[in-house]
Amino acid sequence: MPKIIKDGQVIDDTWVIIDKDFEGVLPMAKVLLPMQYYLDKRDSLNLMCAGLWIDSEEEVEAIGLDANMFPLIAVNFPSFMDGRGFSIGRLLKERYGFTGQLRAIGNAIQDQLFYLKRCGFTSFDLKDGTDLEAACQSLNDFDVSYQSAYDQPEAIFRRN
Amino acid sequence: MYIYNENDQKIIEQRVAQFRGQTDRYLAGQLAEEEFLPLRLQNGLYVQRLAPMLRIAVPYGLLNTKQVRKLAHIAHTYDKGYCHITTRQNIQFNWPQLEEVPDILAELAEVQMHAVQTSGNCIRNTTTDQFAGVAQDELEDPRPWCEMIRQWSTFHPEFAFLPRKFKIAVSGTEGDRAAIQVHDIGIQIVKNDKNEIGFKILVGGGLGRTPVIGSVIREFLPQEDLLSYLDAILRVYNRHGNRTNKYKARIKILVRAWTPEVFAEEVESEWEYTKKIPCDLTREEIDRVKGFFTQPDYEAIDDNDAEQQLKILADDNIAFGKWLQRNIHAHKIPGYAAVTLSLKPTGVAPGDITDVQLEAVADLADKYSLGEIRTTHSQNLVLADVKKSDLFELWQKAKSGGFATPNIGTLTDMICCPGGDFCSLANAKSIPVAEALQRKFDDMDYVYDLGDLSLNISGCMNACGHHHVGNIGILGVDKKGDEFYQVQLGGNSDTDTTLGNVLGPSFGRDDMPEVVENILNVYVENRVNGESFTEAYRRIGIAPFKERVYSNKTGSKPTDPKESTDA
Ligand code: HEM
Ligand code: SF4
């Protein structure tokens, strides 16, 4: 079973990512639906076991407040250099008030965990081949941060 | 100067630990080359032609003597005994060992320095006027704002993987000495009609392959709103900047494609949200940071007396007089002056300085300038708070240190990138061109007669030497493996920032001194009433220069149009 990092622990993961061009009958499993798939079919879908995944070039505004219909939303990092997912994460959490689990999928790397955490991500399906146990420590690379972000909305000078 | 508190220190130390871990993983084969690359870049570490290059941040160009002595120690211990001042006020070491970089960073952290975000696709060191805080024409000292931006941008979790690098400059004066119009964001401190201080915001300026002058997207931003507004700009750019073609990835391309008006609207609507987050500056924070930049206890000095004394000394000593003329900048306090130490003597790569010189500069700063030193974007150093009565003594010592060449702002005070001697992206060498020109124009009287004149050299179209904004700009171009140089005229990085125009086909390296000589002759013959080069150029246009240079030339060869348009 695939492994991910969630809340600082390495755990088994059971979510199945559905491809963007998927057609046919969805598997009997917990599925992560592509954003456009959901938008196209939202009136006819049974969302009982569904989460959502958003690609880095997609406009998160299209989901907007629907975000909270899902227990889990994943954001894809096609390459770890593609930093759009950091903004998508913050928008989901901060603008649309998404309270569920926010996950990074694709090719995010260990050294981005601290930043991802600050943008509201709590679970991480890192690039294949990552030593996840060792990677966990990067969640805590820094104890202090200057700016406001999801995990710490007050900028440093506003905290007491 | 800003002094770290516990938090600042901890953040920098944890960064060193993080990078040490990354370097260990890389050396152990656990971190792939392509993954280590952006991580090392965000710590200032490039790999160039001969060895790694380490770029160290000098936030807004300000250093104390402890830091300068540390740089001397690093140059001595880990490098070949010298370093280089860059056009963005930073310091580069050309010969460190990769394995030793974590140790160098740890040494820097001891003196509150680092290499954070000095390269890579992130928010870079914020730069400003080298005379900040002492300039007579200043509305307000820009350095506290630079420091607030430094803290906001340091490890900003959302903006560490931008489409491309991102540079911010702040100016506190109307006459621009910080090149804010050629930065991704240019911030100018302004006063509105209610007499409140705030910021004019420009975006989308930049040099490189596609030089663009920035556009104003907000005429007045209240001080407290600075950080939420910057968050909004960066978010719009992070989400919409081009990520498929690195030559189209800078914010300037997005601003141009959308138009500045549309870009401004997008930022304003994003700002509606970001300003609701408790990220904005508080009055207390602004005051806290400003508290580090309060005016020192200057002595009360009679300026007339001081000037009298200087005049007597200068009359006696022509060399000192010349130095006073060129290397001294007016100070807002009577009896004081700002001194530029020239790092442009003939025969030394522009901006290079040795460990011994760094030590000497630190001694001078301790003795004569309140223990602080500034780096300048024209690759020199400044001692900003010197008593006029100390100038003569300082000059004598600077002379024996090798940095009293009286050429600031003149032809031989060239801006020059490392070029083909060091940089793997270069089309051509730039340092030998600078040297050949300095040797050719070694008659200082001639150089003084030319007056203020900027000559900027880049080894390729990345424009690290700012050739587009030199009065005379020289660009290395590559023709089938041979080094050639294109010339541009009429650029200018002052308030009315202007990009130069290409003169015509490029030249071989050996031709360059003669080409420049012809250009200067056209200027000297045509100027009226003491016009500067820029003024004369604007009046007579490029044609007379073209005519002279190419009719006198035998060896020039046609340029490939692809290179000369430099799209
Ligand atoms: C030796 C290693 C260096 C490399 C590989 C390098 C690489 C580059 C590249 C690729 C760009 C263009 C980026 C773009 O337009 O997106 C650039 C721009 C720039 N570089 Fe360098 N550079 C080096 C050294 C320097 C040095 C020593 C200086 C200062 C003397 C410098 C100052 C600049 C500046 C000011 C720009 C800005 C141009 C702009 O805003 O578009 N660089 N550099
Ligand atoms: S302008 Fe080109 S040659 Fe010069 S340092 Fe920059 S990248 Fe290298």
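The numbers here are math on the coordinates, done by the rules we state, and not lab data. Keep in mind the model is a prediction, meaning the values are calculated, not measured. Note that we place each Cβ from the backbone using ideal geometry, even for glycine, and neighbour counts take in every protein chain shown.
A few notes on this one:
- The three principal axes of the Cα atoms in region B:128-175 give end-to-end lengths of 39, 18, 14 Å, sorted in falling order.
- A Förster radius of 45 Å, combined with the Cβ-Cβ distance separating B:Lys246 from B:Lys311, puts the computed FRET efficiency at roughly 0.20.
- Once you reduce region A:84-131 and region B:69-125 to the center of their Cα atoms, the two points are 32 Å from each other.
- Paired Rg and Dmax values of region B:99-162, which use every Cα atom, in angstrom: 14.7, 46
- Computed lengthening from B:Asp137 to B:Asn195, 0.36 nm per intervening residue step minus Cα-Cα distance: 19.2 nm
- Model label sites at B:Ile318 and A:Asn68, defined 7 Å from Cα along the beta-carbon direction, differ in position by 8.3 nm.
- Working from label points 7 Å from Cα in the Cα-to-Cβ sense, the B:Ala436 to A:Val25 distance is 7.8 nm.
- For region B:208-215, 3J(HN,Hα) per residue [Karplus equation, 6.51 cos²θ - 1.76 cosθ + 1.60, θ = phi - 60°, Hz, x = Gly/Pro]: x, 5, 10, x, 9, 8, x, 10
- Over the C-alpha trace of chain B, radius of gyration and Dmax come out as 23.2, 68 angstrom.
- Longest DSSP-loop-exposure-free segment, GluC sites (Glu not before Pro), chain B, at most 15 other Cβ within 10 Å: B:300-567
- Sorted into 10 angstrom bins from 0, the C-alpha pair distances of chain A split as 10, 40, 35, 12, 2, 0 percent.
- Approximate spin-label separation A:Arg159-B:Asp494, in nm, with each point projected 7 Å along Cα-to-Cβ: 4.7 nm
- With 10 Å bins from 0: P(r) over region B:384-464, alpha-carbon pairs, percent: 17, 35, 32, 14, 2
- Hypothetical label at B:Val216: residues of region B:236-267 whose amide nitrogen lies under 15 Å (7 Å Cα-Cβ projection): B:260-261, B:264
- Span-like helix ranges in chain B, DSSP H, alpha carbon extent 18 angstrom or more, Kyte mean at least 0.0: B:226-240, B:512-526
- Note on A:Glu61 and A:Asp128: the extension gain reaches 21.2 nm, defined as 0.36 nm multiplied by sequence separation minus the Cα-Cα distance.
- Each residue of region A:43-99 gets 83 Å³ once the volume of the Cα convex hull is shared out per residue.
- Projected-area average for region B:47-126 over all orientations - Cα convex hull basis, square nanometres: 5.1 nm²
- Tail weight of P(r) past 20 Å, computed on alpha-carbon pairs of region B:415-565, percent: 44 percent
- ³J(HN,Hα) computed for each position of region B:491-507 - Karplus, 6.51 cos²θ - 1.76 cosθ + 1.60, integer Hz, glycine/proline x: x, 5, 10, 7, 3, 8, 3, 9, 8, x, 9, 6, 6, x, x, 7, 10
- Over the Cα atoms of region B:352-406, the radius of gyration divided by the Kirkwood radius equals 0.92; this is the Rg/Rh ratio.
- Shape box of region B:1-101 [Cα atoms, principal axes, largest first, Å]: 41, 34, 24
- Charge dipole magnitude, Cβ of K and R +1, D and E -1 - the protein assembly as shown, Cα centre, debye nearest 20: 1020 debye
- Volume in Å³ per residue [convex hull over Cα atoms, computed for the protein assembly as shown]: 170 Å³
- Between region B:344-383 and region A:23-63, the Cα center-to-center distance that results, in Å: 61 Å
- Close amide-amide hydrogen proximity is noted between B:Gln117 and B:Asn43, B:Gly44, each under 5 Å apart and 5 or more residues distant or on a separate chain (H modeled in the peptide plane; Pro and chain starts excluded).
- Measuring between alpha carbons in the structure, the pairs from A:Lys20/A:Lys117; B:Lys322/B:Lys399; B:Lys167/B:Lys252; B:Lys191/B:Lys332; B:Lys311/B:Lys332; B:Lys322/B:Lys397 lying more than 18 angstrom apart are A:Lys20/A:Lys117; B:Lys191/B:Lys332; B:Lys311/B:Lys332.
- Dimensionless Rg over Rh [region B:284-421; C-alpha; Kirkwood]: 1.00
- Inter-chain Cβ neighbour count for A:115-126, averaged per residue, equals 1 (cutoff 10 Å, partner chain atoms only).
- Fraction of the pair-distance distribution of region B:127-293 above 18 Å, Cα-Cα pairs, percent: 59 percent
- Rg to Rh, two decimals, where region B:228-299 supplies the alpha carbon set and Rh follows Kirkwood: 1.20
- Compared with the rule-of-thumb size 2.2 N^0.38 Å for a compact globular protein, region B:484-533 has a Cα radius of gyration ratio of 1.29.
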